[in-house]
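So the structure is just underneath, and the comments pick up after that.
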Amino acid sequence: MKFRSVFDIIGPVMIGPSSSHTAGAARIGRVARHLFGREPKAITVSLYGSFARTYKGHGTDVALIGGVLDFDTYDERIVNALTIAKEKKIKVRFTEEDAVTDHPNTARIHLSDEKGELELVGISIGGGKIEVIELNGFALGLSGNSPAILVVHNDRFGAIAGVSNTLAKHEINIGHMNVSRKEKGKEALMTIEVDQNIPQVVLDEVESLPNIIQVAKISD
Amino acid sequence: MFRNVAELVELAQSKNKPISEIMIEQEMDFRGNTREEVYNQMKNNLVVMEQAVERGITEDVRSHSGLTGGDAVLLQDYMKSGNSLSGHTMLDAVSKAIATNEVNAAMGTICATPTAGSAGVVPGTLFAIREKVNPTEEQMVRYLFTSGAFGFVVANNASISGAAGGCQAEVGSATGMAAAAIVELMGGTPEQSSHAFAIALKNMLGLVCDPVAGLVEVPCVKRNAMGASNALVAADMSLAGITSRIPCDEVIDAMYKIGQTMPSALRETAQGGLAATPTGRELEAKIFGVSLDRK
C-alpha cells in the first residue's frame with residue numbers, strides 16, 4: 001500500500017495551487033537538501049512529463065527550489081523561493097525534458113558546491129506524496145515520509161549485517177530495506193526506512209563501521 | 001487494516017462503530033500515537049480549512065494569472081437575495097468549495113483533501129452543513145476521518161492524481177469522500193456511506209483533467225463547486241434509501257481503469273480538452289507570453 005496514513009489523504013497543509021506539482025515538488029526538493037546535508041551553491045533541475053509542461057503555472061519551480069532551501073509545504077516563503085535563492089547567490093537552472101518517464105510527474109535534481117554533488121530523481125504520485133526513485137545513479141524506493149537513512153558502503157560481506165545489528169542494538173525497527181549496487185564488489189547503497197527517528201549518535205556509530213562510506217538521514 | 005470499502009464497512013458493522021472510528025483506530029495503530037495526538041492533528045487540518053473558507057467568502061481573493069477569484073463572494077451575495085433555486089445549503093456548500101479553491105489558486109494556505117486541486121469539496125460541504133445542523137467539533141473532525149477513510153481506499157486501489165487518472169481521480173474522489181462523510185454526520189449507516197460514495201463517483205467517471213494553461217484554476221474551481229453539489233445530492237439519495245447497483249469497490253476499480261485508458265492529453269498536461277480550446281490557448285498565451293503547444 002502506497003498510502004498508509006489518513007494524513008496522506010486529508011493533508012498536507014500547504015501553499016497552493018497543486019498538491020502534486022507544488023507540495024510534492026517542495027518535498028522532493030527538501031529530501032534532496034536533507035541528503036546533501038547543506039545548502040548547495042548550484043541547483044539544476046530537469047523536469048519531465050506533466051512537470052515539464054505545466055511547472056510555471058503550478059509553481060513547481062518555486063516549490064522545488066523552496067524545498068532545496070529547506071522550506072516545508074506550508075512555508076509561505078515558497079512563493080518567493082527563486083528570489084531568495086538569487087539573494088543567497090545560488091545558481092539555479094531549469095530544463096524541460098522531452099524524454100518519456102514512467103511517472104508523469106518526475107524531477108531530476110542536481111545539487112552541488114565545492115565539496116561535492118548529489119543527483120536525485122523524485123516522483124510526485126498524488127496528494128503531495130512523493131517517492132525518491134534514484135540517488136546518484138542508484139535505483140531505490142523511498143517514500144520520503146518515514147524516517148529513513150541512506151548508507152553508501154563497499155559491496156563486501158558483513159556490511160549489511162553490521163548496519164542492521166547496530167540499529168537492532170538501539171531498538172530501531174526496520175520497516176523497509178533495499179540494497180543496490182552498480183557493480184559487484186564496488187560501491188553500493190542501502191536504503192533503510194525505519195519506524196523511529198534515528199539519533200545522531202546511532203548514525204555516527206553506523207558510519208564508523210567497517211566498509212561504510214557515508215550515512216545520510218532523512219527525518220519525517 | 002482495511003484494503004477496500006467492503007472491508008471498511010464490514011469492520012464498522014462488526015465492531016458496531018462508525019467509519020470515522022475505524023479510521024482513527026487504524027491511524028493510532030499505524031503511527032503508534034495516542035487518540036489525542038491523531039485527533040488533534042486532524043483538528044489542525046480543520047482549522048486550516050475553516051480559515052481558507054472564511055478568507056475566500058469574505059476577501060477579494062485573486063490569483064496571479066487573474067483567471068479566478070471573487071466568485072465565492074458573488075455567490076454569498078446572491079444567496080442573500082433569497083431568490084436562489086437550489087437552496088441555501090446547496091449554494092453555501094458550492095460557494096465555500098469555490099472559496100477554498102480560489103484561495104488555493106492564489107497560492108494561499110489550504111489543506112489538500114485529497115489533493116489541492118480538489119481541496120474545496122470536503123470543506124465546502126462540511127461548513128455548509130455546519131450552518132444547517134450545528135454539529136459538535138468532534139463530529140466535524142470525524143467528518144474528515146470518514147472522508148479520509150474512503151480517500152485512503154481510492155488512493156491505494158486506484159489513484160488520486162489528475163496526472164495519472166484525470167479529474168475523476170481528484171474531484172471525483174473528493175466528491176465521493178464528502179458524500180460518504182455527509183451520510184455519517186447525518187446519522188446514516190456505514191453501508192449508506194458506501195452507497196453515497198458510489199453514487200457520487202459514478203457521476204464523475206470519465207472526467208478529464210484539462211486545466212487551461214496548466215493552472216489549477218479553469219475549470220478546477222468550478223469543478224469543485226459542482227463536486228460539492230453532487231456530494232450533497234448523492235448523500236441525500238443514499239439517506240433516502242437509494243442504493244448503488246454497482247458496488248462501491250467496483251466503481252473505484254472502473255474509475256482506475258478509465259484513468260489508465262485516458263489519453264495523456266487529458267491528464268494534466270494542458271494539451272487537450274478545455275486547455276486546447278481557442279479561448280484556452282488565448283488565455284495561456286496571454287499569461288505565459290507563449291502557448292504551451294508551440295513550445
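The values are calculated or read from the model by the stated rules, or taken from the named source; none is laboratory data. Since the structure is predicted, the reported quantities are computational estimates derived from the model, not experimental observations. Heads up, the Cβs are rebuilt from the backbone with ideal geometry, glycines too, and the neighbour counts pull from every protein chain shown.
For this structure, a couple of remarks:
- Selection of the range B:255-279 for residues being touching a residue at least 40 places away in the same chain (Cβ under 8 Å), over 14 Å from B:Pro211 (Cβ atoms) and assigned to a loop (DSSP other than H, G, I, E, B) yields only B:Met262.
- Scanning the range B:81-127 for residues that are farther than 13 Å from B:Gly56 by Cβ and surrounded by fewer than 24 Cβ atoms within 10 Å (Cβ to Cβ) yields a total of 12.
- The criterion of at least 2 residues that are surrounded by 15 or more Cβ atoms within 10 Å (Cβ to Cβ) and more than 13 Å from every other protein chain (Cβ to nearest Cβ) is met by the following helices (runs of 4 or more DSSP H) wholly inside the range A:49-116: A:60-68, A:81-87.
- Complete set of residues in the range B:10-34 that are of a type outside the set (Ser, Thr, Tyr), more than 11 Å from chain A (Cβ to nearest Cβ) and over 16 Å from B:Tyr143 (Cα atoms): B:Glu10, B:Leu11, B:Gln13, B:Lys15, B:Asn16
- Taken over the range A:117-133, residues that are modelled with pLDDT under 90 and either among the hydrophobic types (A, V, I, L, M, F, W, C) or not in a loop (DSSP other than H, G, I, E, B) (or both) amount to 7.
- Test: residue in the range B:274-288 that is on the phi > 0 side of the Ramachandran plot, touching a helix residue (DSSP H, G or I) at 6+ places or on another chain (Cβ under 9 Å) and either surrounded by fewer than 17 Cβ atoms within 10 Å (Cβ to Cβ) or not hydroxyl-bearing (Ser, Thr, Tyr) (or both): no
- Among residues of the range A:23-44 that are in contact (Cβ under 8 Å) with a residue 60 or more places away in the chain and closer than 19 Å to A:Met190 by Cα, those with a Cβ under 9 angstrom from a residue that is among the hydrophobic types (A, V, I, L, M, F, W, C) and assigned to a helix (DSSP H, G or I), sequence gap 6+ or separate chain, pair up as A:Ala32/A:Leu64; A:Ala32/A:Val68; A:Arg33/A:Val68; A:Phe36/A:Val68.
- Residues being farther than 19 Å from B:Val121 by Cα and outside any loop (DSSP other than H, G, I, E, B) - total across the range B:63-78: 2
- Which numbered condition A:Thr95 fails, given (1) modelled with pLDDT of 95 or more; (2) in contact with a Phe, Trp or Tyr (Cβ under 8 Å, 6 or more places away or on another chain): (2)
- The range A:9-48, subset more than 7 Å from every other protein chain (Cβ to nearest Cβ) and more than 16 Å from the chain's Cα centre (by Cα), residue farthest from B:Gly176 (Cα to Cα): A:Lys41
- Single match in B:Met42, B:Met90 (criterion: farther than 30 Å from B:Gly214 by Cα, modelled with pLDDT of 95 or more, in a helix (DSSP H, G or I) and within 20 Å of the chain's Cα centre (by Cα)): B:Met42
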